[in-house]
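The values are calculated or read from the model by the stated rules, or taken from the named source; none is laboratory data. Only a predicted model underlies this, so the values are computations on that prediction, with no experimental measurement involved. Every residue, glycine among them, receives a Cβ derived from its backbone with ideal geometry; neighbour counts consider all protein chains shown.
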Amino acid sequence: MTYTVLITGSSSGIGQATTQLFAQQGWNVAATARNPASLVPLAGASVLALPLDVTDEASIAAAVEATTARFGSIDALVNNAGYGLFGPLEGITDEQLEQQLRTNVFGVVALIRQVVPLMRQRHSGTIITISSTGGRVASPFAAAYHASKYALEGLCESLRFELKPQGIRVKLVEPGHVKTGFIRSLTWATHSAYEPYLSNWRAQVEQSDDHAPGCEGVARVIFKAATDQSWRLRYPTQAGPILALHAALPDSLWASMVSTGLNRPPRSR
Ligand SMILES: NC(=O)c1ccc[n+]([C@@H]2O[C@H](COP(=O)([O-])OP(=O)(O)OC[C@H]3O[C@@H](n4cnc5c(N)ncnc54)[C@H](OP(=O)(O)O)[C@@H]3O)[C@@H](O)[C@H]2O)c1
């Protein structure tokens, strides 16, 4: 039997690596992106390239329909598409905040609503949502992004209870920092009142990308989540030690450690 996965945000980074891995493992893959031309490098007999913008319900419905028309069913959904809106909350416009939540949270909800009826009918399916270490622990100047990832954590933790009797597994993959297009495509809000802390932090974030590992390990964890037949909810990747430290340290000590990055620029590269 050949299984089918639909992946959002296949044009880059984690979504691209995940598309490649599932196809290599013999799955049918509905690879989706806002601009399907970006999917040309992924072309193959088992890869169906489809346009899908997670903020456009009609494009989601069309992609789900095209996937079932071609492959017959959807066994797994990988909610991967997302981006980061960073910077001080005071510098963020309502429109920017809405766009962040529309993409990272409402986009996930819209995908889930489209595939759940199909999975419910077959009493089978796995929904994997890419959260982040940033859905468990928050860093400075990323309130909007963390709000979106913490929302996904609560959403999925609740949803797993209602979907288990329907035979549907709900899972969260929580990557630590990996090198993708994510840091390059961050939207940075600014506000003069937050200098020099904001510039120091931004430099730390951008510099940390130089040494971040590639995203192939995250793709492998996503594949494991899709295939391990367990009802496990959370799959942290790379950042297990950070989560353990965060849980073990008194909050005041944790906060002062994180704050050091605000008070000085990083050492030069
Ligand atoms: N990289 C990290 O360190 C890291 C850590 C934890 C979690 N994550 C999460 O991992 C996921 C993937 O990010 P990445 O690191 O692989 O970054 P990336 O290379 O920038 O990829 C992001 C993907 O999301 C897509 N996307 C953005 N807005 C979209 C929309 N409205 N509709 C459809 N697709 C959209 C992008 O498509 P376009 O090509 O059309 O822009 C791109 O394919 C995100 O949810 C991110 O929050 C990343």
Inset, instruction - Quick one: which residue in Ala226, Ala239 is in contact with a Ser or Thr (Cβ under 7 Å, 6 or more places away or on another chain) and over 20 Å from Gly84 (Cβ atoms)? - result: Ala226
Inset, instruction - Out of the residues in the stretch 230-243 that are within 13 Å of the ligand (Cβ to nearest atom) and assigned to a loop (DSSP other than H, G, I, E, B), state the one that is surrounded by the most Cβ atoms within 10 Å (Cβ to Cβ). - result: Ala239
Inset, instruction - Kindly check whether there is at least one residue in the stretch 150-163 that is at pLDDT below 95 and out of contact with any helix residue (DSSP H, G or I) (no Cβ under 8 Å at 6 or more places or on another chain). - result: no
Legend entry - All positions within the stretch 167-203 that are away from the ligand (no atom under 16 Å from the Cβ), surrounded by 15 or more Cβ atoms within 10 Å (Cβ to Cβ) and under 26 Å from Thr126 (Cα atoms): Ile168, Arg169, Val170
